[in-house]
Amino acid sequence: MKIRIALISFAFGCTCILYTFPLAGQSATTNSPQEGAAATNGLPYRPSFDVTAMDKSADPCVDFYQYACGGWKKANPIPPDRTSWSRYAQLYEDNLVLLRGILERAAAAKDRDAVDQKIGDFYASCTNEAEVNRKGISPIKPQLDAIAAVKSMRELAPVVARLQLEDVRGELMFGPGSIQDPDNSEQQIANLDQGGLGLPDRDYYTKDDAKSKEIQARYQQYVEKMFTLLGDSAVVAKANAESIMRMETALAKASQTRTERRDPYKIKHKMTRAEAAALAPNFDWDSFWKALNPPAFQTINVMSPDFFKQLNSSLSAESLANWKNYLRFHIANIYAGYLSDDLANAHFEFFQKYLRGAQEQQARWKRCVGFVDRGLGEALGQAYVRQVFSPELKASTLKMVEEIEKAMELRINELDWMSPATKQQALVKLHAIRNKIGYPDRWRDYSSVVIATGDFAANVRNAIVFESRRELNKIGQPVDHGEWQITPPTVDAYYDPQMNDINFPAGVLQPPLYDAKMDDAPNYGDTGGTIGHELTHAFDDEGSQFDAHGNLKNWWTPDDEKKFEARTQCVDDQYSQYIAVDDIHLNGKLTLGENVADLGGEILAYIAWKDADKDQKLEPVDGFTPEQRFFIGFAQWDCANERPEQLREWVVTNPHSPAKSRINGVVVNMPDFAGAFSCKAGQPMVSSKVCKVW
Ligand SMILES: [Zn+2]
């Protein structure tokens, strides 16, 4: 999937095992620390293979997910402030408690180093709820004043530029920034991308079924509410909300779909600065760039030219007053979570409660930990790594990565459908992959970010502007291969096709995912599968279009390419049959890369495990054979409960399939699974048409 750290950090495709847990997102727990629980110095132990998580009354050959995870699902209802709950989420929650301890100590310490001052004061400014509430909307008054002072369309562009520097979401019309040149992955170039929407995806505006219409109406009510909180009368707020809906719908209709954006050629349009400006001549690009002040550049990539043509039409179709209101709303929407309760709650009520099904707002301290991680993640991450990621753990997980890579080499050599010429290129690419484990070799330097105890929103803004500026300053620079897109405590992993690297932060290499106390079988099933998943992304429908250097360059013979496409089509067809929620099917094309990675990853993990343990005599444990324990370990990585509202959103926005499909969809394609549980042809967990890509 695509991960976005800041508005202006764009990757062509960055694919991970999960959606990154939104660190400002929704979390709480039933069986991990309650509100007010004491902060800890380490993570609680949760075994990677857990018999109590199973439902042994289920038949593994009928519904393996229920068999491996049914006990967990029953014992772990979704906490009221979350929209889904899973073993990954539990670990994330455990991380929050650990990070809280680090932050509370940093906030209270007398003789602090510069890093502790920044993270401690940031956290303290956030937990000072009384002060945040006392300030109301005053922290965004300078931005609102700047918008109010705009007298002409010409004056709009520089204000947009300055506000975009403070926006992490790309909500203000569009997103400027830097990307790796798709044709020269060692070089950073300027980039423009679509954006400008408040709802989670362009499809929310374009669909006209009953549920979509209801969501549109509720969103408009939310926008109206925000205008009243900004001080507009009821009548004015209603009219403004209607305008915002109309403006965003026009932009949404011209936006690329997520499925389209999986095609790297559809988002590659390199042009001169003048050509980019000509897409939207109604916007004053000269004063925009002057205000944004990036390093000098001549070439720019415009990911979605049609979007900018529509923006141009919208700029003449809508009045200046409407555009000013559009900016006012989005500034309030972007900053709502950092402001007083009235705004934060309105934002929660619509996005988390109505749209995703959460029942309660997350406890403040949890939100605050998330904000620090998001704002100063590589400062907070240093202490986290010291506590939970020993050199031994790094060495053992790196060894597992190398085992999985060895299995991939074996698989490539054995493929019966691929020609020797393409195989050779695939091996070149495999050997060029960089393995990044745990944390960056060089920490980001936040010394220029001003953090003060009493001004939370200003701290957030300073951190965002720092990140925006850091991204912009990459333009014209060589690529830094040491950079990470997620922070060390993040419970996720990713492959980046332009960097051609796999990245496993310390947060994802902890029990119950990687369990140093457990034997290889469940560890390979779980973390081995995750490593294989990321590795396979280098060769999924999207990643396979990039070469060993990360350049968008075809290295396939035409015949092999056709065979590859036929094999991925099998996976597309398989998952398109699955139902996510109600009568809504999965989008087989949107989820194709992740499904291919899930399948390939588990096949690689199985081969690697068999090889790693070939000299050992493996005995049954708890009544399960080593092979059974491998597959149960695999399934238990993703024991999860998901709210129907959240599933409905994920079908549109999430390139990953829901948990049950991610587990059962893989095992039905693995004869080794059928062998391990003595499943027979014709049973639900044995596919009559086995898909196999890698
Ligand atoms: Zn993935």
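The values are calculated or read from the model by the stated rules, or taken from the named source; none is laboratory data. Just so it is clear, the model here is predicted, and its values are computed rather than measured. Heads up, the Cβs are rebuilt from the backbone with ideal geometry, glycines too, and the neighbour counts pull from every protein chain shown.
Grab the helices (runs of 4 or more DSSP H) fully contained in the range 638-687, keeping just those with 2 or more residues being more than 16 Å from the ligand (Cβ to nearest atom) and within 17 Å of the chain's Cα centre (by Cα).
Where helices (runs of 4 or more DSSP H) fall fully within the range 638-687 and carry at least 2 residues being more than 16 Å from the ligand (Cβ to nearest atom) and within 17 Å of the chain's Cα centre (by Cα), they are 644-653.
Kindly indicate the residue of the range 268-285 that is without any contact (Cβ under 8 Å) to a residue 12 or more places away in the chain and out of contact with any helix residue (DSSP H, G or I) (no Cβ under 8 Å at 6 or more places or on another chain) and also farthest from ARG258 (Cα to Cα) among those meeting that condition.
My answer is ALA274.
Which numbered condition in (1) at pLDDT 95 or above; (2) of a type outside the set (Gly, Ala, Ser); (3) more than 30 Å from THR453 (Cα to Cα); (4) under 26 Å from the mean Cα position of the chain (by Cα) is the only one that PRO44 fails?
In the conditions (1) at pLDDT 95 or above; (2) of a type outside the set (Gly, Ala, Ser); (3) more than 30 Å from THR453 (Cα to Cα); (4) under 26 Å from the mean Cα position of the chain (by Cα), PRO44 misses (1) alone.
Give me the residue from the range 532-541 that is of a type in the set (Asp, Glu) and near the ligand (Cβ under 10 Å from one of its atoms) and, out of that set, modelled with the lowest pLDDT.
The residue in question is ASP540.
In the range 593-627, how many are surrounded by 24 or more Cβ atoms within 10 Å (Cβ to Cβ) and either within 16 Å of the ligand (Cβ to nearest atom) or not aliphatic (A, V, I, L, M) (or both)?
Number of matching residues: 14.
Among the residues of the range 212-224, is there at least one that is in contact (Cβ under 8 Å) with a residue 40 or more places away in the chain, within 27 Å of GLY136 (Cα to Cα), of a type in the set (D, E, K, R) and surrounded by 23 or more Cβ atoms within 10 Å (Cβ to Cβ)?
No - not one qualifying residue is present in the range 212-224.
Only one of (1) under 18 Å from the mean Cα position of the chain (by Cα); (2) modelled with pLDDT of 95 or more fails for GLY528. Which number is that?
Result: GLY528 fails condition (1) only.
Can you find even one residue in the range 568-583 that is in contact with a Ser or Thr (Cβ under 7 Å, 6 or more places away or on another chain), touching a residue at least 60 places away in the same chain (Cβ under 8 Å), within 16 Å of the ligand (Cβ to nearest atom) and within 16 Å of LEU427 (Cα to Cα)?
no
Please go through the range 598-637 and give me each residue that is part of a loop (DSSP other than H, G, I, E, B) and under 23 Å from ILE17 (Cβ atoms), ordered by number.
TRP637
If the requirement is being at pLDDT 95 or above and touching a helix residue (DSSP H, G or I) at 6+ places or on another chain (Cβ under 6 Å), which of these qualifies: ALA39, ALA24, ALA53?
The conditions single out ALA53.
Taking the stated definitions as given, is LEU513 surrounded by 23 or more Cβ atoms within 10 Å (Cβ to Cβ) and within 16 Å of the ligand (Cβ to nearest atom)?
yes
Sort out which residues of the range 99-121 are part of a helix (DSSP H, G or I), of a type in the set (A, V, I, L, M) and surrounded by fewer than 22 Cβ atoms within 10 Å (Cβ to Cβ), and write them in order of number.
The answer is ALA107, ALA108, ALA114, VAL115.
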